[in-house]
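Below: one structure, written as structure tokens.
The values are calculated or read from the model by the stated rules, or taken from the named source; none is laboratory data. Quick caveat, the model's predicted, so the values are computed rather than measured. As a convention, Cβ positions derive from the backbone with ideal geometry for all residues, glycine included, and neighbour counts pool all protein chains shown. Just so you know, the surface numbers come from the protein's heavy atoms only, side chains and all, with ligands and any DNA or RNA stripped out. Shrake-Rupley method; radii C 1.70, N 1.55, O 1.52, S 1.80 Å.
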Amino acid sequence: EPLQVALDALGAVEERCGALRGRLSAVVRMLCAALGDVDADAALRSVPSREAALDAERERQRQLRARCLRAELLKQETARSQGLAAVARHYVPRHPAVYVPNGSLAAAGALQAKLARQRAAADGFVEEPFPGAFAFPFVTAEFCEALWQELHHYERAALAAPEKGLPLRIRHDGNLGDLQDCGFRPTLKAIEDACRPIILQCLPEVAACEIYHAFVTRNYVGRAENATFKVHRDKSDLTLNLCLHASADVEGSTVGFYDDVGEGEVPEDPQHRRYTHTHSVGHAVVHRGSVWHKTDPILRGTRGSLIMWARFLSENPERPPVGAIVSLVAKPRTSAGVLADGGIGILTHDDGVSRQPFKVSSMDGAASSYYHEGDLRVVRQPEIMP
């Protein structure tokens, strides 16, 4: 009986759709007759199917989103440039050895060499206490103290004189964020360069990576967020956590790492916790962003870290040109679609901003799929018309 009810309902829907199509056809014929020289049958044949209409609407929405993204990125880049110009005009660093002005190649090179020496002077020991997480001594306590002071010095300077336009990004948890846009990019680049040999040693499958986002965490007793720390993953490909500060009496503020319990499931504490990391000043822990982890509440004292998010760089840094014949790289983020199973296709569109900016059509043009940056390799360059 329920099946019959469902079939009857489906038949009613089909009947209504048929009646609607009939009325629409009648309207088209009336309009064509009024125009006089338009073939009504040809006009009706040109009406797209439901599937084609949906595909066209999805493409229109995608192009609209791309235009909005481009406008937002332009706005962000303008604000970033203005902020860095304000930093160059007004900010006087407390520790020039750790805060390198943008464009000062000599100072940046000196900082990179200094960090490389500090890492080389460490014992070289790297451990993997949890799959995908690596801990090691990295820089000196003196460097950490100077950078910790510099971060707070910058924050105070920006708060004291807002009219100077120093960029100040306060995160949802009250900490200082977007350090890469506050003039700290050369410092982050020096850390990235000093850490590169370790990343290559621990993750040989990673060709290269770059730090693109950084923020400070400050944990202290009484901080409201202590009660809201959750097991989570990061948005990064790789996360670098460098402990900059820990008071002598610090207790707690450790980081737990958890087993992956399956697609769509969040691990629970404590049953899925497999490792607890205790921070030490100058030591770093590096882990894939996909690793589940959680900061534990601090019970006594104060502690702070510099958190850096990095992304993996493509094996093929050249952006494939529209019109090229392409296939998938060895480990693409998107492996389905028209390029699945070793297929080739034509790169027909690149919107430049979306998460999957590349539209690739099959060789016969019958189907298309979208791919991430870094997914594609060029099989043949587009032909140049004479």
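Distance between the 7 Å Cα→Cβ label points at Gln63 and Arg333: 2.4 nm.
Starting from the residue with the highest accessible area, list Phe125, Phe143 in decreasing order, probe 1.4 Å. Walk me through the numbers before you get to the answer.
Numbers: Phe125 115, Phe143 5 Å².
Accessible-area ranking of Phe125, Phe143, largest first: Phe125, Phe143.
With a 1.4 Å probe rolled over the protein heavy atoms of all chains, the accessible area of Cys182, Cys17 falls in the order Cys17, Cys182, largest first. All other residues whose Cβ lies under 15 angstrom from that of Ser247 are scored, Lys and Arg at +1 and Asp and Glu at -1, for a net of +1.
The relative contact order of the chain, computed from alpha carbon pairs under 8 Å that lie at least 6 residues apart in sequence, is 14 percent.
Under the shape rule built on the C-alpha gyration tensor, where the axes satisfy a ≥ b ≥ c, region 314-360 is rounded, since a/c falls short of 1.5.
For Lys75, a cut-off of 28 angstrom between C-alpha atoms picks up these lysines, skipping any fewer than 8 places away in its own chain: Lys164, Lys189, Lys235, Lys359. Solvent-accessible area of Trp292, all protein chains in place: 30 Å² (probe radius 1.4 Å, heavy atoms, ligands and nucleic acids excluded). Per-residue packing, averaged as other Cβ atoms within 10 Å, sorts the ranges 64-71, 244-251, 356-363, 49-56 into the order 356-363, 244-251, 64-71, 49-56, beginning with the highest. Solvent-accessible surface (1.4 Å probe) assigned to Glu205 amounts to roughly 100 Å².
Reducing region 29-97 and region 285-304 to their Cα centroids gives an inter-centroid distance of 40 Å.
Extension gain, Lys235-His152: 0.36 nm per intervening residue step, less the Cα-Cα distance, totals 27.3 nm. For the chain, modelled as a GNM whose springs connect Cα atoms under 10 angstrom apart, the maximal fluctuation among Gln63, Gln112, Gln180 occurs at Gln63. Taking all protein chains together, Lys75, Lys294 sort by accessible area into Lys75, Lys294, largest first [probe 1.4 Å]. Residue by residue, region 210-218 carries 3J(HN,Hα) couplings of 9, 7, 10, 7, 8, 8, 10, 10, 10 Hz when phi is fed to the Karplus relation 6.51 cos²θ - 1.76 cosθ + 1.60 (θ = phi - 60°); x denotes Gly or Pro.
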